[in-house]
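Beneath this line is the structure, given in structure tokens, with notes to follow.
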Amino acid sequence: MRIGIGWDSHPLAAGRPLILGGVSIAHARGLLGVSDADALLHAVIDAMLGAAALGDIGQHFPESDPAMRGISSLLLLQRAQELIHAAGWRIGNIDSVIIAEQPRLAPYIPAMREQIAQALGLSLSRISIKAKTAEGLDSVGQGRAIQAQAVALLEEMP
Ligand code: MG
């Protein structure tokens, strides 16, 4: 088995859709980035790549690539899974945390788990997502950014 860690942070900006875990969330502001800026999926991708020692998201999906503009991070998640499969690994489980002051994310977590499980062809029981606030502290707590952390356990393919 191998374990990997991932972390991501994106600023919140007006006029952007808020997409986390592949789910569109009703909110006045969204995450700023070249792709859909889905911080949760970016953290998950880095955890998967990290567990297989395959580098990081920026290396495989560079922001300088015009094809990355506005791309759904669910597609990047699937491509990352193809990379780890090609290296002889499959996902055991993923655990993650989203840190956001607003909006309240708990109602969206079941849909996020569904999206990730479906994109990866895994059972829901292998995908965990928690949501926390930063208790008013730092840029996340002041509502200027959203962060995500993830770990992924990979198992060697039989
Ligand atoms: Mg990112």
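The values are calculated or read from the model by the stated rules, or taken from the named source; none is laboratory data. Fair warning: this is a prediction, and the values are worked out from it, not measured in the lab. Glycine also receives a Cβ, built like all others from the backbone with ideal geometry; neighbour counts cover every protein chain displayed.
I need every pair where a residue in segment 94-122 that is in contact (Cβ under 8 Å) with a residue 60 or more places away in the chain has its Cβ under 8 Å from the Cβ of a residue that is surrounded by fewer than 17 Cβ atoms within 10 Å (Cβ to Cβ) and among the aliphatic types (A, V, I, L, M), sequence separation at least 6 or different chains.
Hits for this filter: P103/A26; R113/L124.
What pairs come out if I take residues in segment 39-53 that are more than 8 Å from the ligand (Cβ to nearest atom) and pair them with residues that are aliphatic (A, V, I, L, M) and in a loop (DSSP other than H, G, I, E, B) whose C-beta lies under 6 Å away, six or more apart or interchain?
Here the result reads A52/A87, each pair linking segment 39-53 to a residue that is aliphatic (A, V, I, L, M) and in a loop (DSSP other than H, G, I, E, B).
Need the failing condition index for E101 against (1) in contact with a Ser or Thr (Cβ under 6 Å, 6 or more places away or on another chain); (2) of a type outside the set (A, V, I, L, M); (3) more than 21 Å from L12 (Cα to Cα), just the number.
Of everything listed in (1) in contact with a Ser or Thr (Cβ under 6 Å, 6 or more places away or on another chain); (2) of a type outside the set (A, V, I, L, M); (3) more than 21 Å from L12 (Cα to Cα), E101 misses just condition (3).
Pick from R104, R16, R2: which is more than 16 Å from the ligand (Cβ to nearest atom), of a type in the set (D, E, K, R) and within 26 Å of T133 (Cα to Cα)?
Step by step, each of R104, R16, R2 is checked, and only R104 is more than 16 Å from the ligand (Cβ to nearest atom), of a type in the set (D, E, K, R) and within 26 Å of T133 (Cα to Cα).
Looking at segment 20-32 only, could you name the residues that are within 11 Å of the ligand (Cβ to nearest atom) and closer than 20 Å to I116 by Cα?
Passing the criteria: only L31.
For Q81, only one of the following conditions fails: (1) part of a strand (DSSP E or B); (2) touching a residue at least 24 places away in the same chain (Cβ under 8 Å); (3) away from the ligand (no atom under 14 Å from the Cβ). What is its number?
The one condition Q81 does not meet is (1).
Checking the condition modelled with pLDDT of 95 or more, polar (S, T, N, Q) and more than 17 Å from the chain's Cα centre (by Cα), which residue from S72, S123 passes?
S123
Give the residue, chosen from I109, I91, I129, that is under 16 Å from the mean Cα position of the chain (by Cα) and either in a helix (DSSP H, G or I) or modelled with pLDDT under 95 (or both).
Every option except I109 fails the conditions.
Of all residues in segment 31-54, count the ones that are farther than 23 Å from R126 by Cα and either in contact with a helix residue (DSSP H, G or I) (Cβ under 7 Å, 6 or more places away or on another chain) or buried (at least 23 other Cβ atoms within 10 Å of the Cβ) (or both).
Result for segment 31-54: 5.
Need the failing condition index for F61 against (1) among the aromatic types (F, W, Y); (2) within 13 Å of the ligand (Cβ to nearest atom); (3) under 19 Å from R126 (Cα atoms), just the number.
Among (1) among the aromatic types (F, W, Y); (2) within 13 Å of the ligand (Cβ to nearest atom); (3) under 19 Å from R126 (Cα atoms), the lone unmet condition for F61 is (3).
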